[in-house]
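Asks: Would you mind keeping the following structure in view while I ask a few things?
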Amino acid sequence: MNGLERVISALRSAQFVVALTGAGVSAESGVPTFRQAQTGLWAQFDPAELATPEAFARNPDRVWAWYAWRRSLVEQAEPNPAHRALAELARRLPRFTLITQNVDGLHQRAGSAEVIELHGSLQRYRCAICATPVAIPAEAHPPRSPVCVRCGGHIRPDVVWFGEPLPEAALSAAFDAARRAQVFLSIGTSGLVEPAASLARVSSRAGALVVHVNPEQPANMSAGDIYLCGRAGEILPIILARLAEVGQENAR
Ligand code: BJW
Ligand code: ZN
């Protein structure tokens with residue numbers, strides 16, 4: 001049996017399936033990934049040096065402008081076939097948990113009702129000092145980082161930067177789901193950033209079949225994992241179609 005058929009067969013019998021997504025899932029929507037060849041602003045700045053609390057403390061307006069640009073990109077983007085296939089998988093499988101490292105909200109826009117967001121959201125903001133949430137509509141996005149009315153701190157995007165803890169509830173829900181899964185799909189992530197990168201290994205140790213969907217081999221691949229080489233927007237709809245075919249064959 002080839003890799004794809006093994007995945008279909010495992011999905012057919014699984015009671016609990018988990019998918020973890022990374023920036024590659026939104027690449028086909030035109031949202032740049034973190035570690036691939038970069039253009040525009042991305043060529044000028046190393047994302048790893050902007051996505052830190054230190055960078056924000058040094059120059060809040062620069063980090064603010066970078067996030068404002070990314071938010072506008074995301075608002076113009078549309079969910080792609082990979083996002084839609086994941087929303088459909090949730091409807092077809094008995095129990096399915098979607099975990100994302102992405103901050104773009106495209107899974108929700110594709111119809112995924114429940115998404116565990118490990119790294120926050122580009123659409124939410126909070127005070128960097130007192131954490132008060134602040135609503136900032138896309139159409140009224142100020143050019144500079146505003147100041148908190150309560151404490152005078154700078155308002156920042158509610159995302160998780162390097163060196164910051166992930167939201168506790170999201171993290172523990174993600175690890176619980178990884179431990180319960182029989183199939184763990186790791187889609188469009190380089191597998192370099194912790195703790196998200198460890199979810200696949202934890203799931204595998206608990207007995208899951210781990211499947212990576214990516215045009216390039218991710219860093220967190222282990223022996224025994226299945227690697228489906230290709231774009232998420234091509235491979236996920238194939239998985240969905242094969243699942244439906246197998247379902248019909250069995251019903252005959
Ligand atoms: C396609 C495709 C297509 C292309 N189809 N695929 C253990 C060891 C070493 C270091 C650490 C460790 N534990 C913690 C650390 C430090 C650090 C870390 O992991 N560093 C590594 C870089 C070494 N981690 C942290 O700091 C984390 N915090 C933490 O651990 O806190 C502990 C703590 C506890 C208590 C108190 C205090 C602290 C936080 C990590 C936060 C990451 N944040 C970012 C920014 C979010 C906001 C924003 O968007 O700006 O999250 S960084 C960035 O990386 C972003 C992403 O979510 C994340 C992952 O990237 P992703 O999604 O994998 O994207 P890429 O670009 O790397 O890969 C894209 C992939 O897609 C590629 O593989 C392509 O091939 C593929 N692709 N087209 C399918 N069409
Ligand atoms: Zn404040």
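Asks: Hey, does the range 207-225 have a residue that's in the same structural domain as VAL18 (by TED's automatic domain parsing), assigned to a helix (DSSP H, G or I) and touching a residue at least 60 places away in the same chain (Cβ under 8 Å)?
Replies: Here is the first cut: in the range 207-225, the residues in the same structural domain as VAL18 (by TED's automatic domain parsing) are 207-225.
Next, from what is left, pick out any that are assigned to a helix (DSSP H, G or I): none.
No, the range 207-225 has no match at all.
Asks: Taking the conditions exactly as written (among the acidic types (Asp, Glu) and within 6 Å of ligand 1 (Cβ to nearest atom)), does GLU216 satisfy them or not? I'd like the intermediate steps shown before the answer.
Replies: Working: among the acidic types (Asp, Glu): yes; within 6 Å of ligand 1 (Cβ to nearest atom): yes.
Taking the combined requirement at face value, the residue satisfies it.
Asks: Still on this structure: How do the pairs read when you match residues in the range 228-252 that are more than 14 Å from GLY188 (Cβ to Cβ) and modelled with pLDDT of 95 or more with residues anywhere that are in a helix (DSSP H, G or I) and of a type in the set (D, E, K, R), using Cβ under 6 Å and keeping only pairs 6 or more apart or on different chains?
Replies: Pairs found: LEU240/GLU88.
Asks: Say we look at the range 136-157 and pick out the residues that are within 22 Å of ARG58 (Cβ to Cβ) and among the basic types (Lys, Arg); which of these is nearest to ligand 1 (Cβ to nearest atom)?
Replies: Checking each candidate, the answer is ARG156.
Asks: Take the residues of the range 48-59 that are in a helix (DSSP H, G or I) and open to solvent by 20 Å² or more (accessible area, probe 1.4 Å): which is farthest from SER198 (Cα to Cα)? Write out each step before concluding.
Replies: Initially, the range 48-59 is screened for residues in a helix (DSSP H, G or I), giving 48-50, 53-58.
Keeping just the survivors that are open to solvent by 20 Å² or more (accessible area, probe 1.4 Å) gives 48-49, 53-54, 57-58.
Numbers: ALA48: 20, GLU49: 23, PRO53: 23, GLU54: 25, ALA57: 29, ARG58: 31 Å.
Across the range 48-59, the extreme among qualifying residues is ARG58.
Asks: What number of residues within the range 173-203 satisfy the criterion of being more than 15 Å from ARG35 (Cβ to Cβ) and buried (at least 19 other Cβ atoms within 10 Å of the Cβ)?
Replies: Of all residues in the range 173-203, those more than 15 Å from ARG35 (Cβ to Cβ) come to 173-187, 195, 198-203.
When the remaining residues are screened for being buried (at least 19 other Cβ atoms within 10 Å of the Cβ), the result is 174, 177-178, 181, 183-187, 199-200, 203.
So the count comes out to 12.
Asks: Condition check: modelled with pLDDT under 95 and within 25 Å of PRO218 (Cα to Cα). Does ARG58 satisfy that?
Replies: Numbers: modelled with pLDDT under 95: yes; within 25 Å of PRO218 (Cα to Cα): no.
The answer is no for ARG58.
Asks: Only one of these conditions is not met by ARG58: (1) under 24 Å from ALA174 (Cα atoms); (2) away from ligand 1 (no atom under 12 Å from the Cβ). Which number is it?
Replies: In the conditions (1) under 24 Å from ALA174 (Cα atoms); (2) away from ligand 1 (no atom under 12 Å from the Cβ), ARG58 misses (1) alone.
Asks: I'm trying to understand the selection: among the residues of the range 81-95, which are surrounded by 22 or more Cβ atoms within 10 Å (Cβ to Cβ) and not aliphatic (A, V, I, L, M)?
Replies: HIS83
The values are calculated or read from the model by the stated rules, or taken from the named source; none is laboratory data. From a predicted model like this one, the values you see are computed outputs, not experimental measurements. With ideal geometry, Cβ positions are generated from the backbone for all residues, glycine too; neighbour counts draw on all protein chains shown. Accessible surface areas use protein heavy atoms only, side chains included; no ligands, DNA or RNA. Shrake-Rupley method; radii C 1.70, N 1.55, O 1.52, S 1.80 Å.
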